[in-house]
Amino acid sequence: MRTDTRAYLELTGAMVLVGSSVVAGKLMAESLPVFLAGGLSSAIGAAILLPVLFAREGGLPVVGRREMLVLFLQAFTGIFLFRVLLLWGLLFTSAAEGGVITSTTPAVVGLISFLFLKERPGPRVWAGIILAVAGIVALNVLGSGAQGGGARGPAPLLGNLLIFGAVVSEALFTIFGKVASERVSPLATAVSASVLSLALFLPLGLYQAVGFNFSSVGFAGWASVAHYGVFVTALGYLLWFGGLARVPASTAGVFTGVLPVSAVVLSYLILGEPFSWAHPVGMACVLAAIVLIARQKPAPAAATGSDPPA
């Protein structure tokens, strides 16, 4: 299998799993305090990934201060902030409206990679970004008309603002991940992100755990925590960092368009949220964007952002 084809499959699979975090997060936020839920899911991910790292690579990587700072910022923005803002946001708005906000992710990643990584996306990448954004806006904005007003949540404006903050955090996660991939293996990056995020969640997570009635959490709550830890944190990050190491960040940003597609489909299947004609139209646009990117010729090494910024 071609290297770029494998990367595209890994990025797509990762975003399918991250999209499921919107549904799992909705169930998790309704069952557990935010920091406690985030800490538990990070702990599960770290418990799975650490033994794999020691078996395959012999232990934690030795990194310099610059790489350690990048890994910390990656964990802080893409896991800690993303999870906190997403879970809080989902307390105030619906999973479907959360999908509306996540539809901006490809554009935000493309903009940040252009400004900070000095990447110059080609015509196919720009076309893919535009097509992905158009598709997922159609998927969510037009499709959201099927919802009744009561399904929007108690404070949708606040919730949507919080989720947009999560989108920016996800975009920064991609950028820092691209920089880290030049020095650290995908597996070690995933482990570092999980362990560092656990350390960030631990103080407030323990505070919320004191006096919390764990018996009040039902099967759906515990299942969502397990899913978040095993599939979103462990498997999702392995796939994402593996693909990100082989493509420019702006190209990877197009694949974040899969996130809201996955979120809408799973919201329909699991949460029973409405499905409209706009959904298959939006999904077709996103898939077309991915095909457009996948058919571009691989860029030469000098054009992939392989030299990290000073």
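The values are calculated or read from the model by the stated rules, or taken from the named source; none is laboratory data. Computed from a predicted structure; not experimentally measured. All Cβ positions, even for glycine, are placed from backbone atoms using ideal geometry, and neighbour counts span all protein chains on display. Areas reflect the complete protein model, heavy atoms only, side chains present, ligands, DNA and RNA absent. Shrake-Rupley method; radii C 1.70, N 1.55, O 1.52, S 1.80 Å.
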Inset, instruction - Only one of these is open to solvent by less than 20 Å² (accessible area, probe 1.4 Å), modelled with pLDDT of 90 or more and under 22 Å from the mean Cα position of the chain (by Cα): 135, 177, 205, 159. Name it. - result: 205
Inset, instruction - Search the stretch 46-67 for residues that are closer than 23 Å to residue 230 by Cβ and pair each with any residue that is surrounded by fewer than 15 Cβ atoms within 10 Å (Cβ to Cβ) when their beta-carbon atoms are under 8 Å apart and the residues are at least 6 apart or on different chains. - result: 53/59; 53/60
Inset, instruction - Out of 40, 91, 69, 60, report the one residue that is open to solvent by 50 Å² or more (accessible area, probe 1.4 Å) and within 24 Å of residue 265 (Cα to Cα). - result: 91
Inset, instruction - At least 2 residues that are farther than 28 Å from residue 131 by Cα and among the charged types (D, E, K, R) in each: list the helices (runs of 4 or more DSSP H) lying fully within the stretch 14-109 that qualify. - result: 34-57, 65-75
Inset, instruction - Only residues that are of a type in the set (Gly, Ala, Ser) and assigned to a loop (DSSP other than H, G, I, E, B): list them for the stretch 253-271, please. - result: 257
Inset, instruction - Considering (1) open to solvent by 30 Å² or more (accessible area, probe 1.4 Å); (2) modelled with pLDDT under 90, say which one residue 54 fails and leave the rest. - result: (2)
Legend entry - Cβ pairs under 8 Å, 6+ apart, first in the stretch 236-253 and surrounded by fewer than 24 Cβ atoms within 10 Å (Cβ to Cβ), second basic (Lys, Arg): 246/6; 248/178
Inset, instruction - Return only the number of the condition from (1) at pLDDT 90 or above; (2) of a type outside the set (Asp, Glu); (3) surrounded by 23 or more Cβ atoms within 10 Å (Cβ to Cβ) that residue 214 does not satisfy. - result: (3)
Inset, instruction - Scan the stretch 171-193 and give yes if some residue there is in contact (Cβ under 8 Å) with a residue 40 or more places away in the chain and farther than 27 Å from residue 7 by Cα, otherwise no. - result: no
